[in-house]
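Novice: Take this structure, written in structure tokens, and hold onto it; I'll ask about it next.
The values are calculated or read from the model by the stated rules, or taken from the named source; none is laboratory data. Please read these numbers as outputs of a predicted model, since none were measured by experiment. As a convention, Cβ positions derive from the backbone with ideal geometry for all residues, glycine included, and neighbour counts pool all protein chains shown.
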Amino acid sequence: MCRLHLTPPRQVRLHGKGKKDRLCPLWRDTAQALLRLPTVRDGAPGAFVFVNRQGQPLTRDGAAYLLQKYVVAAIPTAPTLQRRKITPHVLRHSCAVALLQSGVDVTVIRDYLGHASIATTSRYLTTNLQMKREALEAFWKRAGIEPTNAKPWQPSADLLAFLASL
């Protein structure tokens, strides 16, 4: 059975930890990008999509090495990358958070990540300030209480002078 299906329904069968298999959908753009790879376009059925210099399947460490190589190459155009630790796990976490922010149910995210338990998935899902703000706004709206359009506070010159003297 082919693990990579690039026509609708676009999907890949992944073999993960605990010898578990799962099906993951692929975006149309991802399928198109994969079709441009020689190993997919010209490869024999059952060939590996990502291989190392020796033609062997790319390992977890090999993927981390390539990611780091391209992060370093991107630093001249995106200097903030230098202060960040970017790993395959960080990408996985970012994907989970993006799914959560777009309104995907946590059980779907659990299945997408291949977790057996919601408790495992919950470690990935951290809310950001925008999500908290939206939750508060939704609460007030559901409660029927609209925030007043209060005039923005402006400190007096005396207060500013006092704070500057500290």
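Novice: Quick check on my filter: what residues within segment 87-110 are surrounded by 12 or more Cβ atoms within 10 Å (Cβ to Cβ) and in contact with a Ser or Thr (Cβ under 9 Å, 6 or more places away or on another chain)?
Specialist: Scanning segment 87-110 gives H93, A96, V97, L100, Q101, V106, I109, R110.
Novice: Consider L37 carefully, then state whether it is of a type in the set (A, V, I, L, M, F, W, C), touching a residue at least 12 places away in the same chain (Cβ under 8 Å) and at negative phi.
Specialist: Values: of a type in the set (A, V, I, L, M, F, W, C): yes; touching a residue at least 12 places away in the same chain (Cβ under 8 Å): yes; at negative phi: yes.
It is true that L37 is of a type in the set (A, V, I, L, M, F, W, C), touching a residue at least 12 places away in the same chain (Cβ under 8 Å) and at negative phi.
Novice: Restricting to segment 1-28, name every residue that is part of a loop (DSSP other than H, G, I, E, B) and within 21 Å of the chain's Cα centre (by Cα).
Specialist: Result: R10, G16, L26, W27.
Novice: Output the qualifying pairs, or none if there are none: Cβ atoms under 8 angstrom, residues six or more apart or on different chains, first residue in segment 99-117 and closer than 23 Å to K19 by Cβ, second residue surrounded by 15 or more Cβ atoms within 10 Å (Cβ to Cβ) and among the β-branched types (V, I, T).
Specialist: Within 8 Å, the pairs are I109/T121; R110/T121; L113/T121; H115/T121.
Novice: Please work out which one of (1) in a loop (DSSP other than H, G, I, E, B); (2) under 30 Å from D21 (Cβ atoms); (3) of a type in the set (A, V, I, L, M, F, W, C) is the condition A96 fails and give its number.
Specialist: Single failed check for A96: (1).
Novice: I need the full set of residues from segment 52-91 which are closer than 24 Å to H15 by Cα, of a type outside the set (V, I, T) and touching a helix residue (DSSP H, G or I) at 6+ places or on another chain (Cβ under 7 Å), in order please.
Specialist: Correct list: N52, A63, A64, L67, P88.
Novice: Here's a follow-up. Tally the residues that are of a type in the set (S, T, N, Q) and either out of contact with any His (no Cβ under 9 Å at 6 or more places or on another chain) or at pLDDT below 75 (or both), restricting the search to segment 1-18.
Specialist: So the answer is 1.
Novice: Looking at (1) under 13 Å from the mean Cα position of the chain (by Cα); (2) modelled with pLDDT of 85 or more; (3) closer than 26 Å to H15 by Cα, which is the only condition L125 fails?
Specialist: Just one mismatch for L125, condition (2).
Novice: A follow-up question, please. So, V12, is that one surrounded by 14 or more Cβ atoms within 10 Å (Cβ to Cβ), of a type in the set (A, V, I, L, M), over 30 Å from M131 (Cα atoms) and in contact with a Pro (Cβ under 8 Å, 6 or more places away or on another chain) or not? Give the derivation first.
Specialist: On the way: surrounded by 14 or more Cβ atoms within 10 Å (Cβ to Cβ): yes; of a type in the set (A, V, I, L, M): yes; over 30 Å from M131 (Cα atoms): yes; in contact with a Pro (Cβ under 8 Å, 6 or more places away or on another chain): no.
For V12, the condition - surrounded by 14 or more Cβ atoms within 10 Å (Cβ to Cβ), of a type in the set (A, V, I, L, M), over 30 Å from M131 (Cα atoms) and in contact with a Pro (Cβ under 8 Å, 6 or more places away or on another chain) - is not met.
Novice: For segment 18-31, what are the residues that are in contact with a Leu (Cβ under 8 Å, 6 or more places away or on another chain) and without any contact (Cβ under 8 Å) to a residue 12 or more places away in the chain?
Specialist: D21
Novice: So if I check each of L35, L58, L23, which one is more than 30 Å from A138 (Cα to Cα) and in contact with a Phe, Trp or Tyr (Cβ under 7 Å, 6 or more places away or on another chain)?
Specialist: Step by step, each of L35, L58, L23 is checked, and only L58 is more than 30 Å from A138 (Cα to Cα) and in contact with a Phe, Trp or Tyr (Cβ under 7 Å, 6 or more places away or on another chain).
Novice: Could you say which residue among A44, A73, A31, A63 is exposed (fewer than 13 other Cβ atoms within 10 Å of the Cβ), hydrophobic (A, V, I, L, M, F, W, C) and not in a loop (DSSP other than H, G, I, E, B)?
Specialist: Testing whether each residue is exposed (fewer than 13 other Cβ atoms within 10 Å of the Cβ), hydrophobic (A, V, I, L, M, F, W, C) and not in a loop (DSSP other than H, G, I, E, B) leaves just A73.
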